[in-house]
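Quick notes on the structure that follows.
The values are calculated or read from the model by the stated rules, or taken from the named source; none is laboratory data. All figures in this text were calculated on a predicted structure; none of them were measured in a lab. Cβ coordinates were reconstructed from backbone atoms using ideal geometry, including for glycine residues, and neighbour counts include every protein chain displayed. Remember, those area values only see protein heavy atoms, side chains included, never the ligands or the DNA or RNA. Shrake-Rupley method; radii C 1.70, N 1.55, O 1.52, S 1.80 Å.
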Amino acid sequence: GPAGTSPGISALGVKGCPRCAWIWALGLRRHILLPQEHFKVDCISFSCPFFAVYQVFESVAKKYDVMNDSMTLGIHRVWKDILMRKMNPSPGTLLLDVAGGTGDIAFRFINYVHSAQERQLQQKLKNHQNLSWQEISESYQEDKFKLLGDSQVVVCDINKEMLKVGKQKAQHLGYSEGLSWVLGNAEELPFDDNKFDVYTIAFGIRNVTRIDLALEEAYRVLKPGGRFLCLEFSHVSNPLLSRLYDLYSFQVIPVLGEVIAGDWKSYQYLVESIRRFPPQEELKAMIEDAGFLKVDYQNLNSGIVAIHSGFKL
């Protein structure tokens, strides 16, 4: 979700740091970068932010959803709903949701496909009005078991703690069918080529070290005809709104972080990361460079966030 945002860190920075190399080997890679700065977490100063801020993401995982609601005044839910309507998945769709640890996109996908299948089922029954009550009942019960219609969503996240929160939510909300959880790196996805119909990454592309590699991997795992969708904080075009947004981001969000998650610094860094992310046109060009065609984007709330879309053709 929105709270899980962090900018890139150079590959050189990772390789040049023994702590990073150690954490990298363990597959622990959530980080935020403020160039040439030392990070202080739990009174330990690190010249490399990598280790310090991984702890931050581990600690905020449990408060993640509450924090997202507070930071965006609940609007992140609307943004994710718009993403789902844009995707418009049909029964049988195979979705990969990257950096989707807490399951927000996955659960929406399952609900959306359920609704589409229900509508198809009702239409089918309307078209067979000459069937007996028993035949209708049997047909309905049979189709009810296949409400996902072979649809599947695979949630892939690099952070074990986030996946844990997602699995607990799924259990609590009663989601199990057509849902799987995979620990994996967006830059080196543990999946075969040409496997998925749709790839989504919502408020996660800034978590990756190399955006270009993550985009290449997205292209690789999508089937020909597959669609890439990215929902991410972006750049506000309206100058007045931009001033207000900056004020809110730098003055209000860190305070919320302190009150809700007991963590002022992390959320201050998250705000910094939003500013460092490429603007809409630049990200569009990067997506095209990865091989995607028909790339476009839709600004939501004057560009506070944007949905980028592209196809592997």
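Here are a few things to note about the model shown:
- Flag if LEU283 is open to solvent by 70 Å² or more (accessible area, probe 1.4 Å) and in contact with a strand residue (DSSP E or B) (Cβ under 8 Å, 6 or more places away or on another chain): no
- Total residues in the stretch 289-309 satisfying the condition of being closer than 21 Å to THR209 by Cβ and touching a strand residue (DSSP E or B) at 6+ places or on another chain (Cβ under 6 Å): the figure is 2.
- Scanning the stretch 190-211 for residues that are assigned to a loop (DSSP other than H, G, I, E, B), crowded, with 24+ Cβ neighbours inside 10 Å and modelled with pLDDT of 95 or more yields a total of 0.
- Whichever residue in the stretch 73-104 is of a type in the set (A, V, I, L, M, F, W, C) and at pLDDT below 95 and, among such residues, is nearest to ALA218 (Cα to Cα): ALA99
- The residue pairs whose first member lies in the stretch 280-291 and is closer than 11 Å to GLY310 by Cβ, whose second member is acidic (Asp, Glu) and open to solvent by less than 30 Å² (accessible area, probe 1.4 Å), and whose beta carbons are closer than 7 Å, counting only pairs six or more residues apart or on different chains, do not exist in this structure.
- Of all the residues in the stretch 80-101, those that are among the aliphatic types (A, V, I, L, M), surrounded by fewer than 24 Cβ atoms within 10 Å (Cβ to Cβ), touching a helix residue (DSSP H, G or I) at 6+ places or on another chain (Cβ under 9 Å) and closer than 14 Å to GLY226 by Cβ number 1.
- Extreme residue, least open to solvent (accessible area, probe 1.4 Å), among residues of the stretch 168-189 that are without any contact (Cβ under 8 Å) to a residue 24 or more places away in the chain and outside any loop (DSSP other than H, G, I, E, B): GLN168
- Among (1) of a type outside the set (Phe, Trp, Tyr); (2) loosely packed, with under 15 Cβ neighbours inside 10 Å; (3) at pLDDT below 90, the one test that ASP246 misses: (3)
- Applying the criterion of being in a loop (DSSP other than H, G, I, E, B) and under 17 Å from ASN111 (Cβ atoms) to the residues of the stretch 131-167, the residue that is modelled with the highest pLDDT is SER151.
- Residue within the stretch 118-128 that is open to solvent by 10 Å² or more (accessible area, probe 1.4 Å), under 26 Å from ALA306 (Cα atoms) and modelled with pLDDT of 75 or more present: no
- The set of residues from the stretch 212-226 being farther than 16 Å from ILE307 by Cα, in a helix (DSSP H, G or I) and either open to solvent by less than 10 Å² (accessible area, probe 1.4 Å) or in contact (Cβ under 8 Å) with a residue 60 or more places away in the chain (or both) comprises ASP212, ALA214, GLU216, TYR219, VAL221.
- Among residues of the stretch 291-313 being open to solvent by less than 20 Å² (accessible area, probe 1.4 Å) and of a type in the set (Gly, Ala, Ser), the one that is farthest from VAL221 (Cα to Cα) is GLY303.
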